[in-house]
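Asks: Once you've had a glance at the structure underneath, I'll fire off some questions.
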Amino acid sequence: MKGTESRVRLEGGAPDTYCSLLLQAATVLRMRYVEAQRETCLSAVEADGLAYLFECVAHSDPAGDQVDPEEAIALAHRVIDNDHPELSPLWPKAA
């Protein structure tokens with residue numbers, strides 16, 4: 001049953017393949033916006049907060065309960081691909 005392992009939900013959260021995606025996106029956010037400060041459309045504090053949100057959803061942490069996991073996964077794809085992540089409703093709004 002190895003083929004179905006990736007579809008098993010972890011503690012009621014996102015499937016483990018999506019957990020990996022969310023954690024990878026958190027790493028990309030921190031590298032791109034916090035460490036390298038390559039982009040200016042998102043502050044380091046906002047990027048770190050969004051990365052933390054991805055981690056909460058991935059680990060089924062109560063802090064991520066108000067977030068739609070599918071929307072978080074969609075944003076994670078956009079972040080990794082650098083494909084207009086600002087279009088996501090989860091992306092911090094410009095002040």
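Asks: Loop only per DSSP, at most 14 neighbouring Cβ atoms within 10 Å: give me the GluC sites (Glu not before Pro) in the range 38-82, ordered by residue number. All intermediate terms of the calculation are to be shown ahead of the outcome.
Replies: Numbers: sites: GLU39, GLU46, GLU55, GLU70, GLU71; in loops: GLU39.
Passing both the DSSP loop test and the Cβ count: GLU39.
Asks: With each pseudo-label sitting 7 Å past Cα toward Cβ, what's the GLN24-ASP83 distance in nm, one decimal?
Replies: For GLN24 paired with ASP83, the spin-label model returns 1.3 nm.
Asks: Still on this structure, I have one more. Is the shape of the range 14-84 rounded, prolate or oblate, going by the alpha carbon gyration tensor and its root eigenvalues a ≥ b ≥ c, with a/c under 1.5 for rounded and a/b larger than b/c for prolate?
Replies: Values: a/c = 2.02, a/b = 1.59, b/c = 1.27.
Because a/c hits 1.5 or more and a/b exceeds b/c, the range 14-84 counts as prolate.
Asks: Between the DSSP loop rule and a limit of at most 14 other Cβ atoms within 10 Å, which trypsin sites (Lys or Arg not before Pro) in the range 36-95 are left?
Replies: Those that pass, being in a loop and sparsely packed, are ARG38, LYS93.
Asks: Taking neighbour counts of Cβ atoms within 10 Å as a proxy for exposure, in what order, fewest first, do TYR52, TYR33 appear? The partial results should precede the final answer.
Replies: Working: TYR52 16, TYR33 23.
Result, fewest neighbours first: TYR52, TYR33.
Asks: At 7 Å along Cα-to-Cβ for each site, give me the label-to-label distance between GLU35 and ASP61 in nm.
Replies: Distance between label points: 1.9 nm.
Values quoted throughout were computed directly from the atomic coordinates according to the rules given, and no laboratory measurement underlies them. Keep in mind the model is a prediction, meaning the values are calculated, not measured. Cβ: placed from backbone, ideal geometry, glycine included. Neighbour counts: every protein chain shown.
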